Amino acid sequence: MRNSTIFFAFVAVGVILFATLMLHSQRALLQSEKMLVANGNLVGSLRLTDLCLFTEARYTRHPAVADVHSAFQDHPMALDHFPSGSLVTPPRFRNEGP
Amino acid sequence: MNRYLERHRNIADFALSSLMRRKGKNISLLLVYTLVVFIIASVLFFIHALKHEAALILKDAPDMVVQRLVAGRQDLIPAGYGDKIASIRGVSEVTPRLWGYYFDAAVGANYTMMTAELQGPEPEKIIIGNGVARVRRLAAGDIMTFRAYDGKTSLLQVQSVLPYESEIAASDLVIMHEADFRLLFNFPAKEATDLAVKVRNPSEISTVAAKIVKQLPDARPILKSEILRTYDSIFDWRGGMIIVILAMALLSFIIFAWDKATGLSAEERKEIGILKSIGWETADVLLLKFWEGTAISLSAFLSGVILAYGHVFFFSASLFEPALKGWAVLYPEFRLTPAVDAYQLAVLFFLTVLPYTFTTIIPSWRAATVDPDAAMRS
């Protein structure tokens with residue numbers, strides 16, 4: 001068998017697999033709608049503000065309602081020592097200013 | 001047309017044989033290249049799916065949460081603040097939220113303790129998240145012990161466990177009756193952790209927030225749009241670990257490109273010289289190098305992206321788990337909904353496949369334009 005035939009067959013299999021995964025993604029999105037609605041209702045009824053992604057520190061468990069200078073909240077030189085602190089950006093924005 | 005295709009196939013055949021002659025070097029290159037694409041694609045898939053899910057789940061979050069700040073830190077908010085806020089025109093509902101944290105010394109995990117007005121548990125009963133049930137091996141009907149503020153043990157019965165599907169929102173929750181909550185933490189009456197505010201007209205939320213700050217200067221309103229923005233900026237590319245991953249990937253590509261752009265090996269130069277001397281045109285040599293580059297970069301792209309999809313959506317991004325878990329004992333187990341951003345994939349394709357393919361062509365063009373005799377002798 002020619003080398004190019006093997007290569008094109010490999011690319012074709014890869015493209016078909018890739019397309020199948022994209023179809024899987026679309027299907028899974030439709031199937032998860034019910035679950036997302038249920039989670040949305042839970043958030044609404046419990047009045048939750050955050051997702052439960054990192055439970056190790058309070059400012060990574062609830063980044064939306066964390067103190068403004070989260071990483072330095074314990075004292076001015078307290079550098080962030082939680083690994084998830086490097087994934088969660090500190091809250092910007094805010095209305096508390098004059 | 002057939003002749004044109006056959007020419008390409010012949011050159012592709014030759015390019016693949018040429019790659020196979022330097023099997024060790026090219027296979028290791030392919031593996032590293034695939035790994036780089038895999039890492040970048042995994043990060044992109046994970047972040048996009050998480051942001052997609054956060055936006056959908058948190059769209060039902062409170063319109064506004066009002067905290068009280070004392071010396072720059074959040075403090076308990078008196079019920080009187082709620083009355084003042086409720087009197088502002090446009091506010092339809094103010095609900096005190098009672099919540100806090102509890103460190104469970106038995107397993108070393110932190111729980112989020114809270115009360116619920118609607119569908120909450122009966123007194124002396126709790127509803128727990130699936131993560132709490134997992135780490136404490138609890139089921140409905142079991143008794144869970146808590147150490148109260150005064151050191152006494154408080155026994156609360158598990159009324160129900162929240163479903164597995166809710167882990168992304170409620171894995172570490174312990175929901176209890178208000179009386180139990182106040183008793184457990186000696187939480188002052190007529191005070192709350194913060195206030196959830198509902199505004200009649202969504203376009204007036206920021207106006208209401210400004211009025212709250214004017215009336216209660218120590219209050220800090222957090223709008224729903226800001227909550228959503230927090231999760232939109234989570235895993236921001238400027239964030240610590242993300243920028244390290246992206247910088248590593250970028251450096252790897254620079255090394256690949258540098259390796260290719262700084263020239264060909266003596267063996268490759270000799271090969272080009274021989275090809276030219278037996279009648280190959282410069283365009284044929286460039287086509288040969290184009291096929292070599294395409295074979296490597298396209299194979300790496302397809303393999304890397306497919307593996308990344310499986311890693312993130314079938315194996316719950318298990319390679320990122322140590323970083324995501326951090327020091328946490330209670331870690332939510334959730335399977336992300338596979339939301340894929342076609343735009344990001346297209347960018348990844350253009351950033352990985354095209355630069356590599358073109359950097360293989362440039363030095364070959366320089367080698368192919370010199371005299372074949374000189375190329376072979378060099």
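The values are calculated or read from the model by the stated rules, or taken from the named source; none is laboratory data. This structure is a prediction, so every number in the text was calculated from the model and none was measured. As a convention, Cβ positions derive from the backbone with ideal geometry for all residues, glycine included, and neighbour counts pool all protein chains shown. Only protein heavy atoms, including side chains, enter the accessible area calculation; ligands, DNA and RNA are left aside. Shrake-Rupley method; radii C 1.70, N 1.55, O 1.52, S 1.80 Å.
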Pairs where the first residue, in region B:321-345, is within 20 Å of B:Pro163 (Cα to Cα) and the second is surrounded by fewer than 21 Cβ atoms within 10 Å (Cβ to Cβ) and of a type in the set (D, E, K, R), C-beta under 7 Å, 6+ apart: B:Tyr331/B:Lys325
B:Gly100, sole failed condition from (1) within 29 Å of the chain's Cα centre (by Cα); (2) open to solvent by 70 Å² or more (accessible area, probe 1.4 Å): (2)
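Per-residue answers, yes or no, for (1) within 15 Å of the chain's Cα centre (by Cα); (2) in the same structural domain as B:Glu167 (by TED's automatic domain parsing); (3) at pLDDT 85 or above; (4) at negative phi:
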| position | (1), (2), (3), (4) |
| --- | --- |
| B:Val305 | no, no, yes, yes |
| B:Ala308 | yes, no, yes, yes |
| B:Phe313 | yes, no, yes, yes |
| B:Ala323 | yes, no, no, yes |
| B:Trp327 | no, no, no, yes |
| B:Pro332 | yes, no, yes, yes |
| B:Thr337 | yes, no, yes, yes |
| B:Asp341 | yes, no, no, yes |
| B:Thr352 | no, no, no, yes |
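This table checks each residue for (1) open to solvent by less than 30 Å² (accessible area, probe 1.4 Å); (2) over 30 Å from A:Met22 (Cα atoms); (3) assigned by TED's automatic domain parsing to the domain that holds B:Trp280; (4) of a type in the set (A, V, I, L, M).
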residue: B:Asn2; (1), (2), (3), (4): no, yes, no, no
residue: B:Phe14; (1), (2), (3), (4): no, yes, yes, no
residue: B:Gly24; (1), (2), (3), (4): no, yes, yes, no
residue: B:Val43; (1), (2), (3), (4): yes, no, yes, yes
residue: B:Ala49; (1), (2), (3), (4): yes, no, yes, yes
residue: B:His52; (1), (2), (3), (4): no, no, yes, no
residue: B:Pro78; (1), (2), (3), (4): no, yes, no, no
Of the residues that make up region B:189-211, is at least one under 26 Å from B:Ala109 (Cα atoms) and out of contact with any Gly (no Cβ under 8 Å at 6 or more places or on another chain)? yes
Applying the selection to region B:160-190, what residues are open to solvent by 20 Å² or more (accessible area, probe 1.4 Å) and under 23 Å from A:Val37 (Cβ atoms)? B:Ser160, B:Val161, B:Leu162, B:Pro163, B:Tyr164, B:Glu165
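What helices (runs of 4 or more DSSP H) lie completely within region B:317-378 and have 3 or more residues being more than 23 Å from B:Phe38 (Cβ to Cβ)?
In region B:317-378, B:342-368, B:372-377 are the helices (runs of 4 or more DSSP H) which contain 3 or more residues that are more than 23 Å from B:Phe38 (Cβ to Cβ).
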Looking for something within 11 Å of another protein chain (Cβ to nearest Cβ), under 16 Å from B:Phe46 (Cβ atoms), surrounded by fewer than 20 Cβ atoms within 10 Å (Cβ to Cβ) and in contact with a His (Cβ under 9 Å, 6 or more places away or on another chain) - is there at least one such residue anywhere in region B:307-320? yes
Among the candidates B:Arg89, B:Arg68, single out the residue that is exposed (fewer than 13 other Cβ atoms within 10 Å of the Cβ), at pLDDT 90 or above and charged (D, E, K, R). B:Arg89
